[in-house]
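Take a look at the following structure, please.
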Amino acid sequence: MLSKEQAYEVIDRVLAKVKGYQALILINAEETGLTRFANSEIHQNVFKDDLELEIQIKREKKTARISTNQLDEDSLKVAVNQVIANLEIIPAGEIELPLVDYPTEIAVEEVDPGLEQNFAVEKRAELIKQGLSQLGPDYQAAGSLALNKKVLALGNTNGIKRYARGDTVSFNTVVMHQSGVSGYAESLSDQGDDLDLLAQFELADRKARTGLEPVNLEPGAYTVILEPLAVGDLLSYLAYTGFSGRSVQKGMSFLAGKIGEKVFGENITITDNHLDQNTISIPFDFEGAARKKVRIIERGRAKELVYDLASSIRDQVITTGHSVGNRDLGGFPINLVMDSGDKSRNDLIAGTERGILVTRFHYMNIIDPRQALFTGLTRDGTYLIEQGTIKTGIKNLRFTESMLQAFNRVTGISKERQKVPHFYGYSYVPALKIDDFHFTGRTEENKEGF
Amino acid sequence: MREKFEKVLDYLQGQGVDYADVRYVDRNTESITTEDLKLQELQNMRSEGVGIRVYLDGSMGFAGSRDLNKLKETADQALAIARASKSVQKKRVRLAQKEVIVDHYQTPFKIDPFQVSTKEKLDLLMAAEGEMKGAAQLHQTKGFMDFQKEKKVFADTEGSYIVQDLIEAGGGIEARALGNNDLQVRSFPISFRGNRVTSGYEIIEELDLVENAAKTARETSELARAEECPSGKYDLVLDSTQLVLQIHESIGHPIELDRVFGAEAAYAGTSFVNIDMIDHFQYGSKLVNVVADATVPGGLGTFGYDDEGVPATRTEIITGGVFKNFLTSRDTASQLNQKSNGTSRADGWHNIPIVRMTNINLLPGNLEFEELLADIDYGLYFLTNKSWSIDDRRVNFQFGCEIAYEIKNGKLTGKIYKNPVYTGITPQFWNSCDGICNEDYWRLYGVPNCGKGQPGQSAHVGHGAAPARFRKVKVGVKDVK
C-alpha cells in the first residue's frame with residue numbers, strides 16, 4: 001500500500017502539473033484479498049490492487065474533476081489536459097467552493113501488523129477450514145473472509161495534506177441445514193487478534209439449529225427484537241434518506257422541517273462519532289475537512305445534520321467534514337453510534353410475552369423517504385418468542401414500516417453493541433425491542449415453498 | 001499486448017495450470033448531472049488494468065493489478081491463491097468445453113459520444129430542464145447523461161484471443177415536486193438516470209428529452225396533489241418502465257446457475273429455482289416467453305463475447321410459461337453437462353467473471369394497449385420503477401412505482417394515484433399474466449447497477465418488455481393490520 005511519503009509525492013507531482021489553478025488531488029487506494037466459500041468449500045479466492053487518483057481544479061464557481069488509476073506521466077498528462085479543457089467549457093455552478101486550508105496536516109499511519117500476519121491468503125484458508133470442520137454432517141456453510149487495506153490521501157493548493165490508512169478484516173457466514181434453514185454471523189475489526197472466526201461459525205451454527213422446522217406466521221403487527229445487524233441496516237437507510245443537510249435541501253429527508261423537534265422516542269440517541277474507538281476512523285473527509293462529531297438524534301430530538309462543503313454553504317453553516325466524494329449525497333455519516341440501553345439481549349427476550357427475534361434483514365429499500373417508510377425481509381435466523389423464550393424458528397417475513405413510527409415504539413435497548421457494516425463505513429449499534437412492528441407479507445405461501 | 005499475454009500464459013502453463021486466462025480492460029466514462037439549470041457534476045473516469053485467473057489442480061485463484069508491467073508478479077499471486085484454495089476444496093472445478101476464438105467485436109454505433117462536445121450535451125440537458133421548469137411548479141429538476149467506452153482483451157491457455165470495443169450511452173430527466181409532507185418524482189424515459197444502451201450518441205438524440213420534458217413536469221406536479229394509491233387486490237397493468245425491474249428481480253436473478261448452486265448463499269442469496277425444474281416447471285402463464293439475448297441490438301447486456309471468451313447467445317429461458325434454461329458460465333454449465341451460454345462477466349479488470357444477466361427479455365404478445373385495458377372492470381396501470389425488494393430465494397417481491405393510472409370499465413379514467421406499491425409471489429404472479437401488448441409497444445431498457453458478488457460487482461444488463469396485464473395482484477400494504 002502507498003505509504004504517506006509515496007502518497008504525498010504523487011499529490012505534489014500532480015499539483016505541479018496544474019500550476020495556476022486552485023486544485024485538490026485525492027488518492028483513494030485499496031488492496032483487497034478475499035476468500036469466499038460456499039457448500040463448505042472455497043469457490044472464489046481473489047486479490048486486487050487498485051487506486052483512484054482524482055484531480056479537481058476550480059475557478060470561481062466552476063469545479064471540474066477527473067479520475068484515473070494510471071500514474072505514469074503520459075496518463076497524467078492526458079488527465080490534466082482534459083480536466084483543464086473541461087473547466088474552460090463548463091458553465092458556472094450555483095456556489096463557489098473554497099479549498100480547505102486548516103489544519104496543515106492530518107495523518108494516521110498506524111495499522112495493526114497482526115492483520116496481515118493472521119489473515120494473509122494461506123491463513124484465511126486455514127481458518128475457514130477449521131471453522132467448517134466444526135459443522136455437523138447435515139450442515140454446510142457459505143461466506144467470506146477478507147483482508148482489506150485502504151488509503152485515503154489528499155492535498156490541495158492551499159498546502160494542506162491528509163493521509164489515513166485504514167485496514168480491516170471482515171467475515172460473514174451463513175450456516176445452512178440440509179432442510180434450508182439457516183443461521184448467520186458477521187464480524188469485522190481493525191485489530192488482528194479481535195476477530196474470533198470459530199466463535200462466529202459457532203454462532204451461525206447455533207442460530208441454524210435453533211431455527212429448525214420453522215413455522216409460518218401470519219403477517220401483522222408484532223413486538224420485535226432486532227439484533228444489531230438488523231438495526232444497522234435500518235440505520236444505514238435512515239442515514240441515506242435523512243441524516244444529511246443535502247437530503248433536507250432536496251426535500252427527501254424525513255427530518256425536513258423537523259430540526260429541533262422530537263422525531264423518535266426519548267430513548268434514541270444517534271451520533272456520528274469517528275472518535276468512538278468502536279468505529280473505524282478516518283479523521284477527515286474527501287474534501288480534506290476535519291471530521292466532526294455530529295449529534296444527529298439526541299434523546300429523540302433531531303439535532304444536527306452532516307454536511308459537505310457545498311451543502312454547508314447552502315445552509316450557511318460550517319462543513320462537518322462528511323464528504324464521501326459524492327456531490328448528490330452531500331455529506332454522509334460513516335461512524336454512526338447508537339446509545340446502548342441497560343438490558344442484555346437475553347433480558348429483552350426474557351421480557352417478551354410474544355414477539356419475533358430478527359437476526360438480519362435482506363434487500364431493504366425505501367418506499368417513501370419523507371415517512372422513512374422502508375420494506376425488507378427477514379433472513380438467516382428469525383424466531384418466535386413466547387413467554388420469554390425462543391420457541392421456534394419462523395419462515396421469513398416481509399416488513400413494511402415507517403421508522404418515524406417504529407423508533408417511537410422502542411421499549412428496550414440492549415447494553416451490548418456490535419460493529420456492523422454501513423454503506424460507507426461502520427456503525428456501532430445495540431439490539432432494539434420495538435412494539436407493533438408491521439410485517440406485511442411472508443415468503444412461503446404453500447407446501448411447494450411458494 | 002498479445003505477445004505479452006501469450007508469454008504470461010506460457011509461463012502459467014509451465015507452472016502446471018489446468019487453465020488460465022488474462023483479461024485487460026481499459027474503461028473510460030463520462031458522467032454529467034445537471035440540477036436546477038446548473039451543472040452539478042461533470043466527471044470523467046478511467047480504470048485500466050489486468051486480471052489473471054488460473055485453475056491449478058482444479059482450484060481457482062485470481063489476481064488483478066492496475067500495473068501492466070507486473071504481469072508475472074500478478075500471475076504468481078494468482079497461483080499462490082489457487083494453492084490456498086486447494087486446501088479447502090471437495091472436488092475439482094471442471095470447465096465446459098468451448099470453441100477457440102480469435103476475433104474482434106465492436107458495438108455498432110453512429111456517433112462516438114466522446115467526440116460530441118460537452119457544451120452540446122449540457123445545452124440539451126439545460127433545454128430539457130428549462131422546459132420542465134416552464135411547465136409546472138417544481139421543487140427540483142435534474143438532467144443526466146452517461147457514456148462509457150471499454151476496450152477488453154481476452155486471452156487464454158486454450159488459444160483464444162478476443163478484442164472487444166464496447167460503447168454505451170444513456171440519458172434522462174427527472175422532476176420533483178413537494179406535496180403535503182410529501183415528495184413526488186417523475187422520470188423520463190425511465191428512473192435512475194434514464195435509459196442506457198449499447199450505442200453511440202444517437203440514442204441521446206432519439207430520447208427526445210426536450211419534447212418530453214413538459215409532460216414529465218406537469219405529471220409530477222399533479223402527482224404531488226394526488227390521492228394515495230388504494231390498497232387491495234386489483235387487476236394490474238405494468239408498463240415496460242416497471243416490468244424492467246420485475247423481470248430483473250423475479251426472473252433474471254433466480255435463473256443464475258451459480259446462485260442456484262449456492263455460490264451467493266451468504267450474500268445475494270439463493271434461488272427457488274432448481275435444476276429439476278428444467279422443461280416442466282410452470283414459471284408463468286402460457287403467454288410468458290422469456291429469452292436471455294446478448295445479441296439484441298442496443299441492449300445494455302449486448303456484447304460479442306463474455307469474459308470467458310464464449311460467444312454471445314440468445315437462450316430460451318421460459319417458453320410458453322415453462323422454464324427451459326439457466327444462465328450459465330463454464331464452471332456451472334459443466335455440472336449440467338452443458339456448454340456455457342455465455343453469461344459469465346466481470347465488472348472491470350479487477351473482478352472475476354461470474355454469471356450475470358445479459359438482456360432478459362419478455363417477448364411481446366399480440367394485444368393493442370386498448371385491448372389490454374378493455375378486459376378490466378376496475379384496475380390500475382403502474383409506471384416507472386421507484387423501489388424494489390425481494391427475498392433471498394427470489395419468491396416474495398415488493399415494488400414501488402412513480403405513478404398509477406386508474407382503469408375503469410376498460411379505459412383509463414385520467415385519475416392518477418401517488419405512491420403505488422404492489423407485492424406478490426414470483427410464480428403466482430407470472431402465472432397471473434393474461435395479456436401482453438404487441439411488438440409495437442415493446443421497449444428495451446438498461447439497468448447499469450445490477451449488484452452481485454463479493455467483492456461487490458456491478459453489471460450492465462438490459463430488459464425488454466411490452467405492457468402486460470396481471471390479475472388480482474396485491475396492491476398497497478396499508479390494509480395489513
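Return a yes/no flag: does region B:85-102 have any residue that is over 30 Å from B:LYS142 (Cβ atoms), more than 7 Å from every other protein chain (Cβ to nearest Cβ) and outside any loop (DSSP other than H, G, I, E, B).
yes
Among A:LYS343, A:LYS433, A:LYS391, which is away from chain B (no Cβ under 14 Å), surrounded by 23 or more Cβ atoms within 10 Å (Cβ to Cβ) and closer than 29 Å to A:ASP205 by Cβ?
A:LYS433
Look through region B:330-350, keep the residues that are under 18 Å from the mean Cα position of the chain (by Cα) and within 14 Å of chain A (Cβ to nearest Cβ), and return whichever of them is surrounded by the fewest Cβ atoms within 10 Å (Cβ to Cβ).
B:GLY348
Determine, yes or no, whether B:GLN43 is facing another protein chain (nearest Cβ under 7 Å) and either closer than 30 Å to A:ALA142 by Cα or out of contact with any Pro (no Cβ under 6 Å at 6 or more places or on another chain) (or both).
Against the criterion (facing another protein chain (nearest Cβ under 7 Å) and either closer than 30 Å to A:ALA142 by Cα or out of contact with any Pro (no Cβ under 6 Å at 6 or more places or on another chain) (or both)), B:GLN43 qualifies.
Against the conditions (1) in a loop (DSSP other than H, G, I, E, B); (2) facing chain B (nearest Cβ under 8 Å); (3) of a type outside the set (Val, Ile, Thr), where does A:SER67 fall short? Just the number, please.
So the condition that A:SER67 fails would be (1).
To continue, here is another question. Take the conditions among the basic types (Lys, Arg), outside any strand (DSSP E or B) and surrounded by fewer than 20 Cβ atoms within 10 Å (Cβ to Cβ) and apply them to B:ARG27. Does it pass?
Against the criterion (among the basic types (Lys, Arg), outside any strand (DSSP E or B) and surrounded by fewer than 20 Cβ atoms within 10 Å (Cβ to Cβ)), B:ARG27 does not qualify.
If you check B:LEU300 against the conditions, is it over 30 Å from A:ALA208 (Cβ atoms), under 13 Å from the mean Cα position of the chain (by Cα) and either of a type in the set (Val, Ile, Thr) or within 13 Å of chain A (Cβ to nearest Cβ) (or both)?
Criteria not met by B:LEU300.
Select the strands (runs of 3 or more DSSP E) contained entirely in region B:161-230, then report the ones holding at least 2 residues which are within 14 Å of chain A (Cβ to nearest Cβ) and in contact with a Gly (Cβ under 7 Å, 6 or more places away or on another chain).
B:161-179
This table checks each residue for (1) facing chain B (nearest Cβ under 7 Å); (2) acidic (Asp, Glu); (3) touching a residue at least 12 places away in the same chain (Cβ under 8 Å).
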site	(1), (2), (3)
A:TYR8	no, no, yes
A:LEU24	no, no, yes
A:ILE27	no, no, yes
A:GLU31	no, yes, yes
A:ASN45	yes, no, yes
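I'm trying to understand the selection: among the residues of region A:47-64, which are more than 9 Å from chain B (Cβ to nearest Cβ) and within 25 Å of the chain's Cα centre (by Cα)?
The answer is A:LEU53, and nothing else.
Name the residue that is nearest to B:HIS460 (Cα to Cα), counting only residues in region B:53-74 that are among the aliphatic types (A, V, I, L, M) and at the interface with another protein chain (Cβ under 10 Å from one of its Cβ atoms).
B:ALA63
Provide a single number: the residues in region A:157-166 that are part of a strand (DSSP E or B) and either out of contact with any helix residue (DSSP H, G or I) (no Cβ under 7 Å at 6 or more places or on another chain) or modelled with pLDDT under 95 (or both).
4
Looking at A:PRO98, A:PRO137, can you tell me which residue is in a loop (DSSP other than H, G, I, E, B) and out of contact with any strand residue (DSSP E or B) (no Cβ under 9 Å at 6 or more places or on another chain)?
Checking each option against the conditions leaves just A:PRO137.
A:THR173 versus (1) modelled with pLDDT under 95; (2) over 30 Å from A:GLU287 (Cα atoms): which is the lone unmet condition?
(1)
If you take the residues in region A:270-311 that are of a type in the set (Ser, Thr, Tyr) and crowded, with 24+ Cβ neighbours inside 10 Å, which one is farthest from the chain's Cα centre (by Cα)?
The residue in question is A:SER311.
Next question. For region A:189-232, give me each residue that is polar (S, T, N, Q) and assigned to a helix (DSSP H, G or I).
Passing the criteria: A:GLN200, A:THR210.
Still on this model: For region A:212-245, what are the residues that are farther than 30 Å from A:ILE296 by Cβ, of a type outside the set (D, E, K, R) and within 14 Å of chain B (Cβ to nearest Cβ)?
Answer for region A:212-245, where residues must be farther than 30 Å from A:ILE296 by Cβ, of a type outside the set (D, E, K, R) and within 14 Å of chain B (Cβ to nearest Cβ): A:PRO214, A:ASN216, A:LEU217, A:PRO219, A:GLY220.
All but one of (1) at the interface with chain A (Cβ under 8 Å from one of its Cβ atoms); (2) outside any helix (DSSP H, G or I) hold for B:LYS110, so report the exception by its number.
The one condition B:LYS110 does not meet is (1).
Is it the case, given these coordinates, that B:ARG193 is in the same structural domain as B:TYR11 (by TED's automatic domain parsing), crowded, with 21+ Cβ neighbours inside 10 Å and in contact with a helix residue (DSSP H, G or I) (Cβ under 6 Å, 6 or more places away or on another chain)?
When the stated conditions are applied, B:ARG193 does not pass them.
Now for a separate question. Go through (1) over 26 Å from B:GLY51 (Cβ atoms); (2) buried (at least 22 other Cβ atoms within 10 Å of the Cβ) one by one and return the number of the condition A:GLU88 breaks.
Only one criterion is unmet by A:GLU88, namely (2).
Related question: Report every pair of residues separated by at least 6 positions or lying on different chains whose Cβ atoms are under 6 Å apart, first residue within region A:359-385 and under 16 Å from A:MET403 (Cβ atoms), second among the acidic types (Asp, Glu).
A:PHE361/A:ASP233; A:MET364/A:ASP233; A:ARG370/B:ASP182
For every residue, the table says whether it meets (1) surrounded by fewer than 24 Cβ atoms within 10 Å (Cβ to Cβ); (2) within 22 Å of the chain's Cα centre (by Cα).
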site	(1), (2)
B:LEU372	no, no
B:SER387	yes, yes
B:ARG393	yes, yes
B:GLN398	no, yes
B:THR413	yes, no
B:ILE416	yes, no
B:GLN428	yes, no
B:ILE436	no, yes
B:TRP442	yes, yes
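Quick check on region B:305-316. Is at least one of its residues part of a loop (DSSP other than H, G, I, E, B) and of a type in the set (Lys, Arg)?
No; the residues of region B:305-316 include none that is part of a loop (DSSP other than H, G, I, E, B) and of a type in the set (Lys, Arg).
Another question about this same structure. Looking for something basic (Lys, Arg) and at pLDDT 95 or above - is there at least one such residue anywhere in region A:322-337?
no
The values are calculated or read from the model by the stated rules, or taken from the named source; none is laboratory data. Here the structure is a predicted model, which is why all the values come from computation and not from measurement. Note that we place each Cβ from the backbone using ideal geometry, even for glycine, and neighbour counts take in every protein chain shown.
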